[in-house]
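Colleague: Following this message is one structure expressed as structure tokens.
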Amino acid sequence: MHEMYNASAAWIDFLLQVPEDLIENGLSDWMSTEPSPKALTGQAFLWLNLWAWSRINYILGFVAVAQDFESRALATARKLDNTFLDSETGVYAQPGQFNATQCAQSMPLYYNITNASVVSDALQVRLAALMCLPSPKFC
């Protein structure tokens, strides 16, 4: 981690300069036959990078940097939930683009981004999507 610190810092600096519309136009679920949740996966990958950077900095003893990036990661997670999560149903969706796709339901749950009060509902939606292959939106 010490040897690659400057390269990793440059990557994080680069990510912070990328316009949000480019972050939200990433790879998404590249194997999906359903509408693709690019904006959600872009935010999830941004969260992953910020969270990892905060953990690296904690390990190396750079507490101020770690706390800053932990706060940024948590803000990204909140934004993801506020933008895509229906807290009444547990469905991750973006009207007209995707609705409860397996990828959209899985990523926030896997990365533990989903607000704790909604995890059970989001998991039930994910399980329903799995059981209704290939078209969970028709469950």
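Every read-out reported here was derived from the displayed coordinates using simple, explicitly stated rules and does not represent laboratory data. Owing to the predicted nature of the structure, the values given are computational and were not obtained by experimental measurement. For neighbour counting, all protein chains shown are included, and Cβ atoms are generated from backbone atoms with ideal geometry for every residue, glycine included.
Colleague: If you compute Cα extents along the principal axes in Å for the structure shown, which of (i) 60, 51, 27; (ii) 49, 29, 22; (iii) 43, 33, 28 do you land on?
Modeller: (ii)
Colleague: What is the extension gain from Tyr5 to Ala52, computed as 0.36 nm multiplied by their sequence separation minus the C-alpha to C-alpha distance, in nm to one decimal?
Modeller: 15.7 nm
Colleague: Give me, ordered by chain and number, the residues 5 or more places off Val91 or on other chains with an amide H under 5 Å from its own placed amide H.
Modeller: Placed amide hydrogens put Asp86 under 5 Å from Val91.
Colleague: Another one. Roughly what angle does helix 63-84 make with the longest principal axis of the chain, taking Cα atoms, 0 to 90 degrees, to the nearest 10?
Modeller: That helix lies at roughly 20 degrees to the long axis.
Colleague: Here's another thing I want to ask about it. Counting alpha carbon pairs within less than 8 Å and at least 6 residues apart, what relative contact order, in whole percent, applies to the chain? Don't jump to the answer; show the numbers that get you there.
Modeller: On the way: 175 pairs, mean separation 26.7, N = 139.
Relative contact order for the chain comes out at 19 percent.
Colleague: Residue by residue through region 99-113, which ³J(HN,Hα) values in whole Hz follow from phi under the Karplus form 6.51 cos²θ - 1.76 cosθ + 1.60 (θ = phi - 60°), with glycine and proline marked x?
Modeller: Result, ordered by residue: 8, 6, 5, 4, 5, 5, 6, 6, 4, x, 5, 4, 7, 6, 8 Hz.
Colleague: Pairing the Cα long axis of helix 38-60 with the longest principal axis of the chain, what angle in degrees results, from 0 to 90 and rounded to the nearest 10?
Modeller: Taking the Cα atoms of the chain, the angle to 38-60 is about 30 degrees.
Colleague: Find out how many positive minus negative residues lie around Leu74, taking Lys and Arg as positive, Asp and Glu as negative, among other residues whose Cβ is under 15 Å from that of Leu74. Mind showing how you got there, number by number?
Modeller: Numbers: positive: Arg55, Arg72, Arg78, Lys79; negative: Asp68, Glu70, Asp81.
Its environment carries a net charge of +1.
Colleague: With each run of n ≥ 4 DSSP H residues scored as -39500 (n - 2.57), what mean residue ellipticity at 222 nm is computed for the chain after dividing by its residue count and rounding to the nearest 500 deg cm²/dmol?
Modeller: Working: 6 runs with 84 residues, N = 139.
That calculation yields -19500 deg cm²/dmol at 222 nm.
Colleague: Between Ser117 and Gln94, what's the calculated FRET efficiency when r is the beta-carbon distance and R0 is 22 Å? Round to 0.05.
Modeller: Details: r = 21 Å, r/R0 = 0.96.
FRET efficiency, Ser117 to Gln94: 0.55.
Colleague: For Asn82 and Phe14, what does the FRET efficiency come to when R0 = 35 Å and r is the distance between their Cβ atoms, rounded to the nearest 0.05?
Modeller: Working: r = 25 Å, r/R0 = 0.72.
About 0.90, to the nearest 0.05.
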